[in-house]
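The values are calculated or read from the model by the stated rules, or taken from the named source; none is laboratory data. Only a predicted model underlies this, so the values are computations on that prediction, with no experimental measurement involved. Every residue, glycine among them, receives a Cβ derived from its backbone with ideal geometry; neighbour counts consider all protein chains shown.
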Amino acid sequence: MANPVEELIVELLTELGDKETLSPNQVAKTINAENWRRQLPQVRAAIGQLVEAGRIEVVRKGKVVAFDGIRGIWRIRLAGAA
């Protein structure tokens, strides 16, 4: 994994533990607290790569959902952390 944003996401989720989730906004704010919205496209791309690799899952209302085209409120967690 060469992408530093992907590494950050996995690191943050590992620190949280198996049952915890993280929002894309939280990741972006970790990268740049003042201009976090500018980081969201980069964060979203990294999440997509991690989902595709099977390392994380996208969750909405406690249930795993597909990442493709997702909108609204959603969170991420380590894969298999149900």
| For residue 79, are the conditions met, namely being over 12 Å from the mean Cα position of the chain (by Cα) and hydrophobic (A, V, I, L, M, F, W, C)? | no
| query | Looking at this structure, is residue 18 of a type in the set (Asp, Glu), surrounded by fewer than 17 Cβ atoms within 10 Å (Cβ to Cβ) and free of Cβ contacts under 8 Å to residues at least 60 places away in the same chain? | reply | no
| said: Of all residues being of a type in the set (Gly, Ala, Ser) and touching a helix residue (DSSP H, G or I) at 6+ places or on another chain (Cβ under 9 Å) in the range 24-68, which is surrounded by the most Cβ atoms within 10 Å (Cβ to Cβ)? Just the residue, please. | reply: 46
| Output for the range 16-29, where each listed residue is at pLDDT 95 or above and under 13 Å from residue 81 (Cβ atoms) | 21, 22
| Which residue pairs have Cβ atoms closer than 6 Å, lie 6 or more positions apart in sequence or on different chains, and pair a first residue in the range 53-76 that is within 14 Å of residue 23 (Cβ to Cβ) and in contact (Cβ under 8 Å) with a residue 40 or more places away in the chain with a second residue that is among the hydrophobic types (A, V, I, L, M, F, W, C) and assigned to a loop (DSSP other than H, G, I, E, B)? | 56/79
